[in-house]
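What follows is one structure encoded as structure tokens, with my remarks underneath.
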Amino acid sequence: MRERARGFALGLGLVTAVGLLVRLVYAVGVHGDDPPRGDGFYFHHQAVALSQGDGFISPIAWLYADTNLQAAHHPPLYSVYLAVPSVLGFTSPLAHRVFSCLAGAGMVALVGVVARRLAGGPGRGDRAGLLAAGLAA
């Protein structure tokens with residue numbers, strides 16, 4: 001039983017690592033430090049504003065009208081998550097993309113664990129968990 005659990009953990013770790021690698025190659029290789037667009041623009045600049053103590057403000061009003069207008073146009077958790085590297089000094093779009101890749105890799109592992117549980121738990125659900133994690137990767 002322990003061997004099977006260890007095999008699932010190793011397999012899930014491998015699938016998660018592949019998922020992280022794919023995300024990093026895409027984020028760094030394709031986008032690099034390009035300015036974010038769309039929702040990425042909003043979340044990136046709101047995270048920087050949060051890290052500077054400005055609160056949940058509209059990044060558009062902040063950047064283009066120099067106004068600290070409180071706003072809740074997007075859910076706050078992702079901005080708070082991206083504010084963590086910003087507080088540590090990593091405020092570039094690339095830093096936020098890399099941090100987002102870590103969240104995505106965590107989601108791959110979570111999908112695998114949940115699918116394993118839903119498919120019957122340890123033993124019977126191992127294959128389903130790894131397959132689901134592979135699809136999420």
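Every read-out reported here was derived from the displayed coordinates using simple, explicitly stated rules and does not represent laboratory data. Keep in mind that what you see is a predicted model, and the values were worked out from it rather than measured. Please note: Cβ atoms are built from the backbone with ideal geometry, for glycine as well, and neighbour counts cover all protein chains shown.
Taking amide H atoms as placed 1.01 Å from N in the peptide plane, list the residues 5 or more away in sequence, or in a different chain, whose amide H sits under 5 Å from that of Ile57.
Amide H neighbours of Ile57: Ala71.
Pairing the Cα long axis of helix 76-87 with the longest principal axis of the chain, what angle in degrees results, from 0 to 90 and rounded to the nearest 10?
80
Can you pull the Rg over Rh of the range 29-74, Cα-only, Kirkwood?
1.01
For the range 89-137, run through the trypsin sites (Lys or Arg not before Pro) and keep only the ones in DSSP coil with at most 11 other Cβ atoms within 10 Å of their Cβ.
Here the trypsin sites (Lys or Arg not before Pro) that fit, given the DSSP loop and packing criteria, are Arg124.
In terms of the ratio Rg/(2.2 N^0.38 Å) built on C-alpha atoms, what value belongs to the chain?
1.30
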